[in-house]
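Asker: Please see the structure below; I have some questions.
The values are calculated or read from the model by the stated rules, or taken from the named source; none is laboratory data. What you see is a predicted model, and the numbers here were worked out from it, not measured in a lab. Positions of Cβ are backbone-derived with ideal geometry, glycine not excepted, and every protein chain shown enters the neighbour counts. Areas reflect the complete protein model, heavy atoms only, side chains present, ligands, DNA and RNA absent. Shrake-Rupley method; radii C 1.70, N 1.55, O 1.52, S 1.80 Å.
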Amino acid sequence: MPDLHPVSRALLSVSDKTGLVELGQALAAHGVELLSTGGTAKALRDAGLKVKDVSEVTGFPEMMDGRVKTLHPVVHGGLLALRDNDEHVAAMDKHDIGAIDLVVVNLYPFEETVAKGAEYAEVIENIDIGGPAMIRSAAKNHGFVNVIVDVEDYATVINELSENNGQTTYALRQRLAQTAYARTAAYDTAVSTWMAAQVGDTPRRRTVGGTLAQTLRYGENPHQQAAFYTDGSARPGVATATQHQGKELSYNNINDTDAAFELVSEFDPANGPACAIIKHANPCGVAQGTSMVDAYTRAFDCDRTSAFGGIIALNQTLDAETAEAISAIFTEVVIAPNATPEAMEIFGKKKNLRLLTTNGLADPAQAALSFRQVSGGYLVQDKDVGRITMDDLKVVTKRQPSDQELSDLMFAWTVAKHVKSNAIIYVKDGATVGVGAGQMSRVDSTRIAARKAQDMAEAMGLPAPLTQGSVVASDAFFPFADGLITAAEAGATALIQPGGSMRDDEVIAAADEAGLAMVFTGMRHFRH
């Protein structure tokens, strides 16, 4: 097959008309014959371009509400014929099939139709059939045929035609084909994922699709290549945020920023300002406050050492006072729904600080799937959207928790969902005062969290650690009483845990002996 191949005939059929006229004009300037359908043909004609309807070429009208228009041998023969194969060329001559050298298709807006909450029948009508068929035919024959599925590639093709006197290179056609197959795969992924949700069963086959958002400098470590792909959802967060300043986000920045924003989104702004500080995907401080700067300060005071170089997420607008406080230490990323101009001006002096705004919080109750790769496959599960209310709590000890303890227990339980197992969280007055994460032993997490609180008390000149008079959340049940006893020794007065251990009676007895209040949730929050 030749490297350079001329483009003499193009078929354009797009739902997104962005850049269409400019592309059509560029093709016409090179003498390319334009074939088109429906609204695409009208848009090109309205711009003064000469266009031939596909129905004129096939001899069949568009029918069945447009479902059948390009599914015809004259179209697919023109796409699939090998130009250097005598039998193919003879067949084209015999059946009056003209070669098509370029296909421009960007498919019915299926994902957008689902996102707007359309009814089942409307979603079905937005499943493109002819488009993917043409894309796959053209991509298979990329030795001769160009296929464009993204508006972003219009300029590349136009430039190549100009540089090569109306011809394209094999390297370009090959790259376009790869993009085309990825697009149809992602499109079919969106359709099959939506269908799986409608059927309600675990599907036999599952696919994952995405669009490149950013090529990253490296992955978790400098020797690892990495990239960031988006799935097309409109969920507020790191994937949809606007970055106002600072260098590009790294792999670890994106991962940690996502963890921070998902955690802070648990706290409704109507209930007051909240702040979460994340380091290595774990919270090192979470707090609510009377103001945003108060929430930040209280979160920072949980573990000032770990907060250095961390990720900060806010549930309300970043204001100037909070920006000034954050600027006092090195911070990698700040993400918030919005930021005032004064706050942006303050952060503008910190060139390495990335500021992201999301124009909203993520819905912590929104159903979704989470994926994790393992050797030879991947695990798929529902996103942990489990939530409890006060009414779900079961008091299992002789002592009832006070109203303040109940409030702090619920706060601690909310944070526990976002801490790597084994997770232990000490909370006092709506702020974490000790976090133990990712330990193989639950009692070790209890000790580490208490030790961190003790270190912070010494650093801040406090007379006693803030774990005195605190409550404790455990993401899973206490298998033995030792973790509970350690928490009591650190000064905790109440605990929240799922319950369900064979030794629940032993743990409850230890709580009663220590004068603690304890509630069971009946739900655990493992996060591995």
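Asker: Under 25 Å from the Cα of residue 94, which lysines turn up, not counting those fewer than eight places away in the same chain?
Answerer: 52, 69, 140
Asker: Can you give me the accessible area per residue for the chain, using a 1.4 Å probe, in Å²?
Answerer: Dividing the accessible area of the chain by its residue count gives 48 Å².
Asker: How big is the Kirkwood radius of region 250-383, worked out from every pair of different alpha carbons and given in Å to one decimal?
Answerer: 15.1 Å
Asker: Return the distance in nm (one decimal) between the two label points of a simple spin-label model at residue 366 and residue 204, each offset 7 Å from Cα along Cα→Cβ.
Answerer: According to this spin-label approximation, the distance is 3.3 nm.
Asker: Can you tell me the mean projection area, over all orientations, of the convex hull of the chain's alpha carbons? Units nm², please.
Answerer: Averaged projected hull area, Cα only: 30.2 nm².
Asker: Show log10 I(q)/I(0) for region 254-310 at q = 0.14, 0.16, 0.17 Å⁻¹, two decimals, from a solvent-free Debye sum over equal Cα scatterers.
Answerer: Evaluating at q = 0.14, 0.16, 0.17 Å⁻¹ gives log10 I(q)/I(0) of -0.32, -0.42, -0.47.
Asker: Shifting gears a bit: Taking Cα centroids, how far is region 370-388 from region 193-210 in Å?
Answerer: One Cα centre to the other: 14 Å.
Asker: Relative to the present Cα-Cα distance, how much length would full extension add between residue 52 and residue 392 at 0.36 nm per residue of separation?
Answerer: 115.7 nm
Asker: No solvent, one uniform scatterer per C-alpha: report log10 I(q)/I(0) for region 408-528 via the Debye equation at q = 0.12 1/Å, two decimals.
Answerer: -0.35
Asker: Over region 303-448, with a single point scatterer placed on each C-alpha, what log10 of the ratio I(q)/I(0) does the Debye formula yield at q = 0.13, 0.14, 0.16, 0.18 1/Å?
Answerer: -0.86, -0.97, -1.16, -1.27
Asker: If you don't mind, there's one more thing I want to ask. With a point put 7 Å past each Cα toward its Cβ, work out how far residue 118 is from residue 523 in nm, to one decimal.
Answerer: With each label point 7 Å from Cα toward Cβ, the separation is 3.4 nm.
Asker: Using a 1.4 angstrom probe on heavy atoms only, work out the carbon and sulfur share of the accessible area of the chain in %.
Answerer: C and S fraction of accessible area: 50 percent.
Asker: With the cut-off at 19 Å, tell me which of the pairs 279/420; 17/50; 398/452; 247/420; 17/42 have Cα atoms farther apart than that.
Answerer: 398/452; 247/420
Asker: Roughly what % of DSSP beta bridges within the chain run antiparallel, to the nearest 5? Could you put the intermediate results ahead of the total?
Answerer: Numbers: 38 of 67 bridges.
Percentage antiparallel, nearest 5: 55.
Asker: What 222 nm value per residue comes from the helices of the chain, counting each DSSP H run with n ≥ 4 as -39,500 (n - 2.57) and dividing by all residues, nearest 500 deg cm²/dmol?
Answerer: Per the formula, -11000 deg cm²/dmol.
Asker: Another question, then. I'd like the distance separating the alpha-carbon centroids of region 10-61 and region 162-176, in whole Å.
Answerer: 20 Å
Asker: Additional query: Once you have the Cα-Cα distance between residue 459 and residue 224, take 0.36 nm times their residue separation minus that, and quote the gain in nm to one decimal.
Answerer: 80.8 nm
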